[in-house]
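Student: One structure, pasted below without further comment.
The values are calculated or read from the model by the stated rules, or taken from the named source; none is laboratory data. Here the structure is a predicted model, which means the values were calculated and not measured. Cβ: placed from backbone, ideal geometry, glycine included. Neighbour counts: every protein chain shown. Please note that ligands, DNA and RNA were not included when accessible areas were found on the heavy atoms of the full protein model with its side chains. Shrake-Rupley method; radii C 1.70, N 1.55, O 1.52, S 1.80 Å.
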Amino acid sequence: VSTQSTGKNSSLFASSQELFLNGDVIGAGIGEEKSYFEEGDGVTMTFLMNVKNDNAMCQFWDLDADVAAWSSEGMTFREKTDEYIVCESSHLTNFAILINPNNDVFSGWQETVLQVITIGGCILSIIGLLITIIGLAVFKQIRSVLTNRVHIGLAVSLLMGYITFLIGADLIENEGVCYFFAIIIHLSFLSAFCWMLCEGINLYLRLVVVFSSHSKMFRKFTLFSTGVPLLIVLQSLANNIVCFRWLHCT
């Protein structure tokens, strides 16, 4: 049995994984409602594992979410050997051990290094993009050139994407805020791809169609690079908003 799961945490590298059950599912409860223990208390469970795997995780089947899925909220890893894994839970429900046989889970120091590299790279990119935009936009003589205006459009899209990514990566707990940042990131990078296409078209016009008038091309480029991403995002939301939430906000 396989399932898709995403860890909801503040890591920039939390991503969806294909997970497999590694043993039996254990169910426990008191009455019909999900039971919770006082802080500091909990129930300890020992699971026998069918397959040895370093990526084994303690999970429970969360029926309270909009889309039922495996979750690690309230679960604490206690001990692991080649034969079994010990987990502690702050509540009673259905529990199991899931493994990810394909992808290695980052260790603490690896995740820290990757986050530092990512945040540092984004900050350097933001500084470079700001310098580019200011340098091209301040002087009218430079700004009036079509090539430079296309550069500005691309730089603005990337700048919005990087800033929104850095701010929004840790704001996934509030669903409304998560939706907002996911849409802006989606729009920004789709717009950047469209501006890259416009860069190629502009290069063709400059080198091949040399003597034609291109006075209205920037307006067309802008309409294309804002309209197409907007249509794609709206279509994604209209087709399956639940899937959009699962991909970005879980």
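Student: Quickly rank 139-145, 56-62, 193-199 as a protection proxy: mean count of other C-beta atoms within 10 Å, highest first.
Tutor: Descending packing order for the listed peptides: 56-62, 193-199, 139-145.
Student: Here is a follow-up. On the accessible surface of the stretch 161-201, probed at 1.4 Å, how many percent belong to carbon and sulfur atoms?
Tutor: Answer for the stretch 161-201 is 76 percent, counting heavy atoms of protein chains only.
Student: Skipping prolines and chain starts, which residues have an amide H placed within reach, meaning under 5 Å, of the one on A169, given they are 5 or more residues away or on another chain?
Tutor: Result for A169 returns nothing.
Student: If you count, for each residue, the other Cβ atoms within 10 Å and average over each peptide, how do 200-206, 161-167 line up from highest to lowest?
Tutor: Most protected by this proxy first, the peptides run 161-167, 200-206.
Student: Would you mind calculating the gained length between L124 and E175 on full extension (0.36 nm times residue separation, minus the Cα-Cα distance), in nm to one decimal?
Tutor: 15.4 nm
Student: Also, quick follow-up: I'd like the accessible area for I127: 1.4 Å probe, protein heavy atoms, all chains in place, Å² to the nearest 10.
Tutor: 90 Å²
Student: Continuing with the same structure: May I ask you to give the percent of accessible area on the stretch 108-150 that is carbon plus sulfur, with a probe radius of 1.4 Å?
Tutor: 73 percent
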